[in-house]
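Visitor: To start, I am sharing the structure in question, which I have written as structure tokens.
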Amino acid sequence: MKFMKLGSKPDMFQTDGNCVRYVASELATDIIVHIGDVKFYLHKFPLLSKCARLQKLVSSGNDGNGDEVNIDDIPGGASAFEVCAKFCYGMTVTLNAYNVVTSRCAAEYLEMHESVEKGNLIYKVDVFLNSVIFRSWKDSIIVVQTVKSTSRLSEEAKIISQCIDAIASKASVHVSKVDWSYTYNRKKISEENGNDPSWDALRNQMVPNDWWVEDLCELDIDLFKKIIMTIKNKQVVSCEVIGEALKAYAYRKLPGSGKNVIQQNDLAKYRNILDTIVWLLPAEKGSVSCSFLLKLLKASISADSGETVKMELAKSIGRQLEEASVSDLLIRASDREETMFDVHVVTKILEEFVTRDKNSMAEMEDCGEIQDMSSPVRPGILSDASKLMVAKLVDGYLVEIAKDPNLPLATFTGIAELVSSYPRPSHDALYRAVDTYLKVHSGISKSERKKLCRLMDCKKLSAEACMHAVQNERLPLRVVVQVLFFEQVRASASSGSSTPDLPKAIKDLNSSSYGSSRSQTTNTDEDWDAVASSEELRALRGELASLRVGNGAMHERSNGESKMNGNSDRAAISKVKGLIMSKRIFSKIWSNKAAQAENSGSDSSESLGSGIHDEAKSTPTRKGRHSVS
């Protein structure tokens, strides 16, 4: 630590108890200075010759009963006044980073300017600050931490602004020119390398870009904000380093190491820290991780921050949502919400992601810059990889929130539909989410089940998911039939035969209006939307097995002839059509309606992943099936 000594005379100040200070001298004291409970018995001449304020106080307060003045509001209190008094007597005074600010503010209060006497205390302190303190990183950090008690006079004397600018300037220096001691480097050298002089040449190479972050984390939020703003205004430090500083400060100052455990009496304090950190976040994408942004969002919900802060975070997260994980998005709802998780804020995040995609594409179209597939993706334009990652993220998120019994169907489907146009090679996760929702919300109506199942594409289910679906008694019958048909299509493709066209009856299962081309009764739609019973599922699987066996035998006899393959495909399609329109199936549905109403929410089917292997072992018709997943 740097220091400066003023004066040459020995220190003659003595203490009588805790509240009396006096100068040991043959001359009698002629002035008493009161500062709080402390009394200073001093001499007028050395004090008044350098302190204009004391001159005024003595001249206005002399009542003939002895000269006494009260200056209870002097910055730094009795200790700071003692430094000024010793300087007036010419006694030795040591200034350092811990007392220089209070001494400077006390001298300002006492009006110890150059106009009173040349070489007065204010001038000497300013020289020490500018030539020594502000050139030292460690001393600058110490000084800025001591200005809180003297903030008004420090601001007036521009000490705070000068100190902040000195710190920001040093933080903006290129790391190759950092040759002073700082926290990280000091620990590294002393703990790992001792005093080996050979390491001095490598010292600059060890300096990280964020070497200054650790020391700034010791400051309170107001000073930290001012320094970060000054650093950003210099436009030298990268946004990634700024983001690292904000992240380090958040982890240092916010409670629970990201667990968002905030006590009620500290709520206002932590809310102020959160709001400031969010306000300081760089606008550039990637300056902080998406995971950190989501932690800030969780903390802001816990601290009950304003909607502006939450929406700003939601926008920032939406710009880089592809980096998030499912656990990041599982944000606990406040006590006022009925749902387990805060799905509304996640919806806002997804809307921001989708809106950014649409706006980017619209800008490209307006500028006539539609790029071909081989051209590189412009910055800000969402790639197919990003969309795929977000689609998978949403599918995984839907699986988790589907377990909430209070989650409305409209909210669930609304989140899924936001990314319904994004590419997914597989709909297994979406099927798992739908199945989980059906299991937990067993009381939903047939129309709601139909709407829910429309979210997934049966053609994109893997063989394992199909195996589970055909046993799933929670699914409507039309979905089970779709799955069975597409299994047959896959089996035909894998065996080498041509893939049949989708029969019209199957196409009708996906259409928004049902029944006009399939049935003359008003009850057909209800039958198809009813939940399939175990007997019906077994019957459907048996029909499919016979189709598969017949198809395989026909393919072997054909010896690769396309005509025979075409006949096989037509036979398969005819069989499936007959299966769909089978009066036997409809009669089973009709006769078992009452039982189906009771069993529609049955949990007899195991969840995807748990019953797959058992079915593979116990169903002979699937044992030898080839599939293309």
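Visitor: Is it fair to say residue 286 is within 23 Å of residue 273 (Cβ to Cβ), surrounded by fewer than 20 Cβ atoms within 10 Å (Cβ to Cβ) and among the small types (Gly, Ala, Ser)?
Guide: No.
Visitor: Oh, and also: Do you know which of the residues in segment 206-236 that are touching a residue at least 40 places away in the same chain (Cβ under 8 Å) and part of a loop (DSSP other than H, G, I, E, B) is surrounded by the fewest Cβ atoms within 10 Å (Cβ to Cβ)?
Guide: Restricting to residues being touching a residue at least 40 places away in the same chain (Cβ under 8 Å) and part of a loop (DSSP other than H, G, I, E, B), the top hit is 220.
Visitor: Looking at (1) more than 22 Å from residue 279 (Cβ to Cβ); (2) small (Gly, Ala, Ser); (3) under 15 Å from the mean Cα position of the chain (by Cα), which one does residue 291 not meet, given that it meets all the others?
Guide: Of everything listed in (1) more than 22 Å from residue 279 (Cβ to Cβ); (2) small (Gly, Ala, Ser); (3) under 15 Å from the mean Cα position of the chain (by Cα), residue 291 misses just condition (1).
Visitor: When residue 353 is evaluated against the numbered criteria (1) free of Cβ contacts under 8 Å to residues at least 12 places away in the same chain; (2) assigned to a helix (DSSP H, G or I), which criterion, by number, is the only one it fails?
Guide: (1)
Visitor: Sort out which residues of segment 143-152 are assigned to a helix (DSSP H, G or I) and surrounded by fewer than 20 Cβ atoms within 10 Å (Cβ to Cβ), and write them in order of number. I'd like the intermediate steps shown before the answer.
Guide: Step one: filter segment 143-152 for residues assigned to a helix (DSSP H, G or I), giving 143-145, 148-152.
Within segment 143-152, 145, 148, 149, 151, 152 qualify.
Visitor: In segment 75-107, how many residues are crowded, with 21+ Cβ neighbours inside 10 Å and not in a helix (DSSP H, G or I)?
Guide: Residues meeting the conditions: 5.
Visitor: Moving to a separate point now. Just to be sure I understand, how many residues within segment 1-42 are in contact (Cβ under 8 Å) with a residue 40 or more places away in the chain and assigned to a loop (DSSP other than H, G, I, E, B)?
Guide: Here is the first cut: in segment 1-42, the ones in contact (Cβ under 8 Å) with a residue 40 or more places away in the chain are 1-13, 21, 23, 33, 35-36, 38, 40, 42.
Remaining after also requiring assigned to a loop (DSSP other than H, G, I, E, B): 1-2, 7-8, 10-12, 36.
Final tally of qualifying residues: 8.
Visitor: Then there's this: In segment 108-126, how many are exposed (fewer than 12 other Cβ atoms within 10 Å of the Cβ) and of a type outside the set (Asp, Glu)?
Guide: Qualifying residue count for the region: 3.
Visitor: Can I ask one more? Scan segment 237-248 for residues that are in contact with a helix residue (DSSP H, G or I) (Cβ under 6 Å, 6 or more places away or on another chain) and not in a helix (DSSP H, G or I) and jot them down.
Guide: Matches in segment 237-248: 237 only.
Yes or no, residue by residue, for (1) hydrophobic (A, V, I, L, M, F, W, C); (2) under 19 Å from residue 289 (Cβ atoms):
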{"position": "308", "(1), (2)": "no, no"}
{"position": "317", "(1), (2)": "yes, yes"}
{"position": "321", "(1), (2)": "yes, yes"}
{"position": "328", "(1), (2)": "no, yes"}
{"position": "338", "(1), (2)": "no, no"}
{"position": "346", "(1), (2)": "yes, yes"}
{"position": "353", "(1), (2)": "yes, yes"}
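Visitor: Tell me, please, whether a residue that is out of contact with any Cys (no Cβ under 8 Å at 6 or more places or on another chain) and without any contact (Cβ under 8 Å) to a residue 24 or more places away in the chain can be found in segment 143-153.
Guide: Scanning segment 143-153 turns up at least one residue that is out of contact with any Cys (no Cβ under 8 Å at 6 or more places or on another chain) and without any contact (Cβ under 8 Å) to a residue 24 or more places away in the chain.
Visitor: Given 426, 447, which one is in a helix (DSSP H, G or I) and of a type in the set (S, T, N, Q)?
Guide: 447
Visitor: Mind checking which residues of segment 407-423 are out of contact with any Ser or Thr (no Cβ under 6 Å at 6 or more places or on another chain), part of a loop (DSSP other than H, G, I, E, B) and of a type in the set (A, V, I, L, M)?
Guide: Selection gives 419 alone.
Visitor: On to the next question. Checking the condition in contact with a strand residue (DSSP E or B) (Cβ under 7 Å, 6 or more places away or on another chain) and either small (Gly, Ala, Ser) or in contact (Cβ under 8 Å) with a residue 40 or more places away in the chain (or both), which residue from 156, 117, 82 passes?
Guide: Only one candidate passes the filter, namely 82.
Visitor: Return the residue satisfying two criteria in turn: it lies in segment 441-479 and is farther than 17 Å from residue 428 by Cβ and among the hydrophobic types (A, V, I, L, M, F, W, C), and of such residues it is surrounded by the fewest Cβ atoms within 10 Å (Cβ to Cβ).
Guide: 444
Every number here is computed from the coordinates shown, using simple stated rules; none is lab data. All figures in this text were calculated on a predicted structure; none of them were measured in a lab. So basically every Cβ, Gly included, is an ideal-geometry build from the backbone, and we count neighbours across all protein chains shown.
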